[in-house]
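Written below as structure tokens is the structure these notes are about.
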Amino acid sequence: MNVRRFGKPEKREDEAERQLIALLYRQYGQVLMRHAMRLTGNDKYWSEDVVQETLLRAWRHAEKLDRDPDLLRAWLFTVARRIVIDARRSKGIRPQEVDPAPLEVMPEPARTDEALSRIVIKGALDSLSAEHREAVEQTYLRDRSVSEAAAVLGVPPGTVKSRVFYALRALRRNLEEQGVTS
């Protein structure tokens with residue numbers, strides 16, 4: 001006669017446990033699968049794993065299981081729910097694994113062009129007179145209306161319009177001389 005790890009006779013108890021698991025699967029397999037599908041967001045493969053793990057735990061605790069169908073069903077549903085909760089928790093704790101190969105060849109965003117553009121534009125703005133630079137700053141960079149810019153600068157709205165017009169013309173000329181615009 002074979003002896004299990006715990007020194008119990010294996011044959012009689014093992015057969016009873018197998019019959020119990022087969023019975024549990026026949027009686028509760030489909031309803032447990034539907035329950036697992038709801039818990040896993042309709043992930044069929046994960047649900048199958050949950051059902052399998054639930055029945056495995058039932059097999060491990062066969063001697064402790066209550067044979068009352070209502071209590072047994074509740075126990076199985078609780079175990080399935082806890083398996084899903086534990087899986088979600090472990091996914092949240094463990095960082096998602098990523099294949100490093102695509103990261104090695106992934107291009108880095110071209111920030112140098114942006115930096116160079118800022119330098120060129122700053123230089124062009126610095127070439128303007130203080131009045132023209134303030135008018136452009138208030139209307140374009142601070143996104144104010146002509147009236148709002150006029151109030152901030154303490155000049156009439158027509159003056160702001162005129163300064164912006166001449167400032168933009170000077171900026172365009174300066175940038176064209178540097179070869180920035182076509």
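Protection proxy ranking, highest mean first, for peptides 117-128, 160-171: 160-171, 117-128, where packing is the per-residue count of other beta-carbon atoms within 10 Å, averaged.
Amide H contacts of LEU65 (H built 1.01 Å from N, in plane; Pro and chain starts excluded): no residue 5 or more places away or on another chain comes under 5 Å.
You can think of it this way: the chain between ALA115 and TYR45 has 20.3 nm of extra reach, that is 0.36 nm per residue less the Cα-Cα gap. The mean sequence separation of alpha-carbon pairs under 8 Å and at least six residues apart, normalised by the residue count of the range 11-93, gives a relative contact order of 33 percent. Near VAL160, within a Cβ-to-Cβ distance under 12 Å, what is the net charge of the other residues, with Lys and Arg +1 and Asp and Glu -1? After counting each charged neighbour, the total is -1.
Packing, taken as the mean count of other beta carbons within 10 Å per residue, orders the peptides 28-40, 140-152 from highest to lowest as 28-40, 140-152.
Since every read-out is calculated from the coordinates, none of them should be taken as a lab result. Model, not experiment: these values are computed from the prediction. Ideal geometry is used to build each Cβ from the backbone, glycine not excepted, and the neighbour counts take in all protein chains shown.
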